[in-house]
Amino acid sequence: MDIPKRKLGKTGVEVTILGLGGEGILRTYGYEKEAYDLINRAIDLGINYFESARAYSGSESYYGRSLRERRTEIFLTSKSHARSKQGALLHLQETLRNMKTDHLDLWQVHDVRTEEDVEEILGPSGALEAFVEAKGNGLVRFIGVTGHHDPLITKQCLHQFDFDTVLIPINPAEPAYKSYLTEVIPLANNKGMGIVGMKVYFRGLAAKLPWFETMEPFFRFALSQPITTAVIGCDDLEQVEENVRLAGSFSPLTEKETQELIRKVSPFAREFMYYKP
């Protein structure tokens, strides 16, 4: 089953609407065989967007052991949570070494939470200088930013620098609590950015809602928004295959279905979005 593709904003690159996230089994140590099988199965099934981060345990090294000659088949991303130029450059050296590649397709400023973060990252000798330098040297093709906690902080980042992509939570709890859907997506689209969705299943908490027997409504909700791709971490091959099935059969939610899903989830929104301060 073919996975539909969308353009990643002004990068012009077409990526699958489903990406493999760096969570799940990839955010561990000591599961080399399982990670190898999962990454390669994802490629076999047609996924071409793959994500990691310097902060994700052994994830980058798993990619380095798994990709080998398949590196050219995919769009490979990682992130740095460093706030200084020097720290970010050191992270990039580690990332490239771990992933056994000479470049990243996308390198992202990771988890910008506060105004102090913004000032440090975008200020003199801040991490952003490393990102711009790395792009100029051909070590990364595109620069992104990720926001997990406060959409207004993410908006500040987008106003102050011309990022290529933004990674944000996309799920039906958003409208009830500090919504990235209304605060960030319109600005990002106006700037022609690639928008990558995460937390589609609320870090797995969606499974605790007894009236949902499948994650399909949440997947359809995310991809019904004006985003490029949704990255989902997987624990095993079965989850990869199920998500690929959802991507291959994707159809947008109707407005009625969207509002009904939001209504059902809204009483739990604060609990599900606990990772926002």
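Any read-out appearing in this document is the output of simple, stated calculations on the displayed coordinates, not a laboratory observation. Small disclaimer: the values here were computed from a predicted structure and weren't measured. Quick reminder, even Gly has a Cβ in these numbers, built from the backbone with ideal geometry, and neighbours come from all protein chains shown.
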Of Gln156, Leu89, Asn171, farthest towards positive along the dipole that unit charges on Lys, Arg, Asp, Glu beta carbons give the chain: Gln156
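How much length, in nm to one decimal, is gained on full extension between Arg270 and Asp162, taken as 0.36 nm per residue of separation minus their Cα-Cα distance?
That works out to 35.7 nm of additional length.
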Simple spin-label estimate for Glu213 and Gln259 in nanometres, 7 Å along Cα-Cβ: 2.7
The stretch 5-272, relative contact order in percent, only Cα pairs under 8 angstrom and at least six apart counted: 21
Label-reachable residues, the stretch 106-130, where backbone N falls under 20 Å from a point 7 Å from Ser84's Cα toward its Cβ: 109-130
Order of Met1, Met99 under a 10 Å beta carbon neighbour criterion, fewest first: Met1, Met99
Sorted peptide list for 126-136, 5-15, 46-56, criterion being average Cβ within 10 angstrom, highest first: 46-56, 126-136, 5-15
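For Glu94 and Met1, calculate 0.36 nm times their separation in residues minus their Cα-Cα distance, and state this gained length in nm to one decimal.
Result: 29.9 nm gained on full extension.
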Considering only the stretch 5-272, percent of DSSP beta bridges that pair antiparallel, nearest 5: 10
Value at 222 nm in deg cm²/dmol, rounded to 500, when DSSP H runs of n ≥ 4 in the chain each add -39,500 (n - 2.57): -11500 deg cm²/dmol
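Which pairs break 32 Å Cα to Cα here: Lys5/Lys155; Lys100/Lys155; Lys7/Lys135; Lys100/Lys178? Spell out each step's value before the answer.
Values: Lys5/Lys155 26 Å; Lys100/Lys155 34 Å; Lys7/Lys135 20 Å; Lys100/Lys178 38 Å.
Violating the 32 Å limit, Cα to Cα: Lys100/Lys155; Lys100/Lys178.
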Point-charge dipole on Cβ atoms (K/R +1, D/E -1) for the stretch 5-272, about Cα centre, debye to 20: 260
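Can you give the convex hull volume per residue for the Cα atoms of the stretch 49-157, as a whole number of Å³? Working shown, then result.
Working: hull volume 9.9 nm³, N = 109.
Output value, Cα hull per residue: 91 Å³.
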Residues Glu116, Glu174, Glu183, sorted so that the one with the fewest Cβ neighbours within 10 Å comes first: Glu116, Glu183, Glu174
Prolate/oblate/rounded label for the chain (Cα gyration tensor, a/c 1.5): oblate
